[in-house]
Each structure stands twice: as C-alpha cells, then as structure tokens.
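Note sheet for the following structure.
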Amino acid sequence: MSLKNLNGVHIPHRKNTAGLQAVRMPPPATVTIPLSMHIGRPANCVVAVGDHVDVGQLIAEPGGFVSSPVYASVSGKVKKIEPMLQFMGATCQAVVIESDGEMTPYANIAPPEITDYDSFIKAVRDSGVVGLGGATFPTAVKLDVKDTSRIQEIIINGAECEGYITSDHRTMLDRTDEVMEGCRLLEKWLDVKKIIIAIEDNKPDCIARMKEAAAGDDKVEVRALPCMYPQGGEKVLIYHVTGKIMPEGKLPIDVGSVVMNVTSVATLAHYCTTGMPLVEKCITVDGSAIKEPKNVIAPIGTASGEVIEFAGGFKCEPKKLVQGGPMMGVAQYTLDAPVAKGTSALLAFNEKDARPVTPSACIRCGGCIDHCPMKLMPCELERAYEKQDAEALKALKVGLCIECGCCAFQCPAHRALVQVNKLSKVLVRDYDARMKTLKEAGK
Ligand code: SF4
Ligand code: SF4
C-alpha cells in the first residue's frame with residue numbers, strides 16, 4: 001500500500017517502554033470502581049456497603065443490552081457506594097472497596113461452558129470485556145451479529161498508533177498464546193473465515209512473534225501496516241486493511257467487518273480458559289515527568305497517583321497529567337482518577353512539554369484538510385461553529401470526525417480544531433433535538 005493513499009500525520013512515537021515487560025503492582029489499600037466504564041447504560045450495583053467481596057466477584061450487572069458487567073478487582077470490604085466524577089467529566093456510581101491485601105479469587109470462578117454461538121456470546125458478555133484500546137464499546141454487543149455469515153473478516157487491532165503507549169505491544173509479546181487462543185475462539189464460535197491481525201510496521205518484534213504463532217493457521221493473517229497516525233482508528237483501519245468505506249451512521253458489521261482490540265481478544269481468551277473476568281489493566285506510565293516509565297498491571301479502580309507512585313513517582317513537578325495518549329487522551333485534574341477498563345496510559349509532562357500554545361489567525365493553508373483521515377474540512381467546520389450554524393456543520397459532516405487530532409497537530413496557527421469539533425457535535429445534537437420537538441409540536 002502506498003503512503004500516498006493515507007491521510008494522517010507522522011507523530012513522534014516515543015515508545016520508550018516497548019522493551020520492558022509489564023510489572024504487576026501490589027494491591028492498593030482501596031479501589032474506586034466506576035460502574036460506567038463502557039459505552040452504553042451504566043451497570044447496576046448488586047452489592048451493599050459492608051459486603052465482603054473477592055477478586056472476580058460480580059459487583060454490578062449490565063444495565064441494558066449495550067452495557068457490561070463490573071467485577072471486584074481486589075478482595076475486601078465494600079466501604080462506600082457513591083457518585084463520582086469520571087475523567088471525561090460525567091458522573092456515575094462507583095463502588096469503593098477496602099482491600100484486605102489478600103487478592104483472594106472468588107470461589108465460584110470457573111471457565112464458562114461454551115457449546116454454541118449463544119453460550120459464546122454469553123461468555124463474552126460475562127467476561128466484562130469492552131474495547132480495551134479506549135473505545136470501550138461492549139465486545140458482546142459487537143460480536144452479537146446473530147447471522148455470522150455477515151462477518152467477512154475480523155480485524156484484530158494491534159496498530160497502537162498513539163505516541164508513548166505500548167500496552168498492546170506488550171500484550172502481543174507477553175500474551176501471544178492468549179491472543180491466538182482468542183483467534184481460535186472467534187474462528188470456532190463465529191465461524192469466521194478470515195482473521196487479520198493488523199500491526200503498524202514500527203513493531204517488527206510483534207509482527208515476527210505473531211507471524212510465528214499464527215503459522216499453520218490458514219485463517220489467520222498477520223498484516224504489517226504503514227506507520228501513520230491514526231492507523232488504529234476503527235474506520236481508518238477497516239479502509240486500510242480491506243479497502244471498504246464505512247458509510248456515515250453505519251457500523252463495521254454493515255460492511256462485513258468486525259474490529260477487536262488485541263488486548264480485548266487476549267482478555268476474552270483468559271476468561272474463557274480460567275473463568276477470571278476483566279479485573280486488571282496494563283497501563284503505560286510515561287512522559288517527561290515520570291521517574292521510571294514502565295507498563296504497570298493495576299487492579300481496575302486503582303487511583304492514577306498510586307500507579308504513578310509504583311513507577312517511581314514524579315521526577316519533577318508535573319504540569320500536565322493525561323489519561324490516554326498525547327493525541328486523543330484527556331487531561332486530568334486529579335491524581336485520584338481511577339484506572340478504568342479503557343485506560344491504556346497515564347502520561348505526566350514537565351513544564352516544557354506541557355506549555356500551552358497560543359492560537360493565531362487561520363492562514364488558510366489547507367493543511368488540516370490534507371491530513372484529515374476522514375477527508376473533512378476542519379477549517380470550514382471551525383468557521384461554521386463560530387457562526388453556531390448547525391445546518392452547515394451537518395452539511396460538512398462533523399459527525400464523521402473521529403477526534404483523532406491530526407488537524408490540530410499539524411496546524412501552523414495552533415487552532416483548537418478538535419475541541420471545536422467536539423463542541424460542534426453537541427451543538428448539532430441539541431439542534432436536532434430542538435427541531436424534533438418543534439416538529440412533534442407541529443410548528
Ligand atoms: S491548518 Fe490551521 S491555518 Fe491551515 S487552514 Fe487549517 S486551520 Fe487554517
Ligand atoms: S477533523 Fe476530526 S477526523 Fe479530521 S483530522 Fe480533525 S479530529 Fe481528525
């Protein structure tokens with residue numbers, strides 16, 4: 001594939017921790033487990049204050065079809081159940097568990113009995129797995145396609161195209177067998193004809209390891225992709241792997257594709273072979289303010305500050321803390337923000353790296369258009385937003401923006417183009433709701 005076909009940007013990789021095996025941290029004194037760590041309805045709490053829970057015990061069941069169960073990540077006592085402010089700004093209920101330090105596995109943990117498609121989908125749901133690369137869409141909903149003949153291929157996303165983050169990289173090296181076991185489960189129960197493990201070509205060790213593991217399985221192909229951000233974006237990946245374009249408002253399965261994050265696949269296999277659901281997460285801790293960058297395996301609900309402390313703490317005063325990667329991550333205001341299912345990185349930056357940029361006037365260079373992987377016109381979207389023109393924003397297809405940040409990254413005028421698009425989506429949503437109300441009222 002020629003790079004000429006690819007829109008996007010070349011970002012500094014800074015994969016400083018790729019060569020370091022992930023290290024499991026000791027259990028923290030308390031965990032604060034949000035009951036909404038996925039797209040869809042929050043999970044409903046099934047424990048009470050004072051209950052004793054063990055690792056892997058259900059603490060909240062799915063609150064609807066698009067939802068996911070939540071499990072205790074440490075053994076101990078439920079101390080509080082209270083609302084918390086999530087790192088994205090929304091509030092949800094959270095279960096605070098005081099750890100007894102024992103990490104006792106729940107007695108009923110046992111591999112699920114899988115005999116057919118329905119019992120496989122139930123197992124996927126019970127595993128608590130969601131899009132672990134950060135998308136957090138419940139995997140059971142993604143795989144519940146009813147008619148498996150609709151699936152032309154499953155793409156296993158090992159692109160990990162963001163800077164710094166290497167947790168999927170370590171999954172491919174440290175959990176190779178679980179990735180392959182996950183592929184075999186998908187082949188068997190979804191009757192999949194083709195699985196493509198897609199990896200950016202800046203990870204030759206992962207490509208070699210996965211190729212070696214997949215040798216002899218003619219349904220599994222390991223595909224090296226050109227290194228260009230945002231190669232791992234779902235729509236971008238489908239296009240670059242299959243050439244198929246996802247129409248606006250459609251799902252990958254509407255074009256015959258399913259995309260799963262590589263760590264989601266390994267975690268699903270872990271559940272199906274051991275019965276232990278998703279209770280911990282491997283997180284890349286890095287950035288210019290971190291003393292000992294490393295990949296840390298932490299119980300879900302561990303405070304960010306404690307994970308950073310395990311990585312040696314700060315080597316200078318941190319000026320910016322980000323949950324996620326430098327392109328799509330969200331700045332944090334507190335070190336108390338807990339590790340959630342979708343947390344793949346905690347980055348802390350010193351004053352130099354965190355210095356704010358001052359925007360100047362757009363010089364109409366067109367760079368944002370040239371680099372947008374969705375072929376949008378970010379500078380025009382910004383103009384439409386300034387006029388609060390919802391119809392123009394819709395015509396310019398703001399809904400297709402994947403918030404990758406390529407436009408802002410390369411803008412010589414440092415325009416806050418991604419933030420504007422996020423606000424524009426809210427504007428369009430409110431506008432459509434108002435229009436619907438007026439229409440229903442016959443005005
Ligand atoms: S890249 Fe920046 S300066 Fe250039 S057209 Fe886009 S918004 Fe304007
Ligand atoms: S407009 Fe959206 S999709 Fe296009 S580069 Fe900017 S953030 Fe990415």
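The values are calculated or read from the model by the stated rules, or taken from the named source; none is laboratory data. Treat the numbers as computed from the prediction; the structure is a model and nothing was measured. Cβ sites come from the backbone with ideal geometry, for glycine too, and all protein chains shown count toward neighbours.
Only residues that are under 20 Å from residue 144 (Cα atoms) and in a loop (DSSP other than H, G, I, E, B) were counted in the stretch 250-294, giving 5.
For residue 119, only one of the following conditions fails: (1) within 26 Å of the chain's Cα centre (by Cα); (2) not assigned by TED's automatic domain parsing to the domain that holds residue 268. What is its number? The one condition residue 119 does not meet is (2). Check the stretch 400-408 and report whether any residue there is more than 10 Å from ligand 2 (Cβ to nearest atom), surrounded by 13 or more Cβ atoms within 10 Å (Cβ to Cβ), outside the structural domain of residue 127 (by TED's automatic domain parsing) and modelled with pLDDT of 95 or more. No, because not a single residue in the stretch 400-408 is more than 10 Å from ligand 2 (Cβ to nearest atom), surrounded by 13 or more Cβ atoms within 10 Å (Cβ to Cβ), outside the structural domain of residue 127 (by TED's automatic domain parsing) and modelled with pLDDT of 95 or more. Mind telling me which of the residues 121, 109 ends up being in contact (Cβ under 8 Å) with a residue 12 or more places away in the chain and crowded, with 17+ Cβ neighbours inside 10 Å? On inspection, the qualifying residue turns out to be 121.
Only one of these conditions is not met by residue 201: (1) without any contact (Cβ under 8 Å) to a residue 40 or more places away in the chain; (2) more than 22 Å from residue 239 (Cβ to Cβ). Which number is it? Against the list (1) without any contact (Cβ under 8 Å) to a residue 40 or more places away in the chain; (2) more than 22 Å from residue 239 (Cβ to Cβ), residue 201 comes up short only on (2).
When residue 309 is tested against the conditions (1) over 23 Å from residue 173 (Cβ atoms); (2) in contact (Cβ under 8 Å) with a residue 12 or more places away in the chain, the lone failure is (2). Listed conditions (1) farther than 30 Å from residue 205 by Cα; (2) crowded, with 19+ Cβ neighbours inside 10 Å; (3) not charged (D, E, K, R) are all met by residue 164, apart from (1). When 238, 196 are checked against the criterion of being closer than 20 Å to residue 145 by Cα, under 21 Å from the mean Cα position of the chain (by Cα), assigned to a strand (DSSP E or B) and modelled with pLDDT of 95 or more, a single residue qualifies: 196. When you look at residue 428, is it within 10 Å of ligand 2 (Cβ to nearest atom) and touching a helix residue (DSSP H, G or I) at 6+ places or on another chain (Cβ under 8 Å), yes or no? Taking the combined requirement at face value, the residue does not satisfy it.
Scanning the stretch 419-436 for residues that are over 30 Å from residue 299 (Cβ atoms), within 11 Å of ligand 1 (Cβ to nearest atom) and without any contact (Cβ under 8 Å) to a residue 24 or more places away in the chain turns up nothing. Whether a residue is surrounded by fewer than 19 Cβ atoms within 10 Å (Cβ to Cβ), near ligand 1 (Cβ under 10 Å from one of its atoms) and closer than 24 Å to residue 238 by Cβ was assessed, and residue 369 passes this test. Being in contact with a strand residue (DSSP E or B) (Cβ under 7 Å, 6 or more places away or on another chain), among the acidic types (Asp, Glu), modelled with pLDDT of 95 or more and surrounded by fewer than 20 Cβ atoms within 10 Å (Cβ to Cβ) is a property that residue 100 has. One residue stands out among those in the stretch 342-366 that are under 21 Å from the mean Cα position of the chain (by Cα) and polar (S, T, N, Q): the one that is nearest to ligand 1 (Cβ to nearest atom), which is 344. From the list 346, 423, the one residue that fits, being modelled with pLDDT of 95 or more and either more than 21 Å from residue 233 (Cβ to Cβ) or touching a Cys at 6+ places or on another chain (Cβ under 6 Å) (or both), is 346.
A count restricted to the stretch 381-399 and to residues that are in contact with a helix residue (DSSP H, G or I) (Cβ under 7 Å, 6 or more places away or on another chain) and more than 14 Å from ligand 2 (Cβ to nearest atom) stands at 4. Scanning the stretch 208-224 for residues that are outside any helix (DSSP H, G or I), modelled with pLDDT of 95 or more and not charged (D, E, K, R) yields 215, 220, 222, 224. With respect to the numbered conditions (1) assigned to a helix (DSSP H, G or I); (2) in contact (Cβ under 8 Å) with a residue 60 or more places away in the chain; (3) within 28 Å of residue 289 (Cβ to Cβ); (4) out of contact with any strand residue (DSSP E or B) (no Cβ under 8 Å at 6 or more places or on another chain), which one is the sole condition not fulfilled by residue 409? That leaves (4) as the condition not met.
Would you be able to say whether some residue in the stretch 414-425 is in a helix (DSSP H, G or I), more than 23 Å from the chain's Cα centre (by Cα), more than 8 Å from ligand 2 (Cβ to nearest atom) and not assigned by TED's automatic domain parsing to the domain that holds residue 249? Among the residues of the stretch 414-425, not one is in a helix (DSSP H, G or I), more than 23 Å from the chain's Cα centre (by Cα), more than 8 Å from ligand 2 (Cβ to nearest atom) and not assigned by TED's automatic domain parsing to the domain that holds residue 249, which makes the answer no.
Taking the criterion of being assigned to a strand (DSSP E or B) and crowded, with 21+ Cβ neighbours inside 10 Å, the residues of the stretch 331-348 that qualify are 338, 345, 346, 347, 348.
Just to be sure, is residue 247 surrounded by fewer than 23 Cβ atoms within 10 Å (Cβ to Cβ), out of contact with any Cys (no Cβ under 8 Å at 6 or more places or on another chain) and not in a helix (DSSP H, G or I)? Yes: the conditions hold for residue 247.
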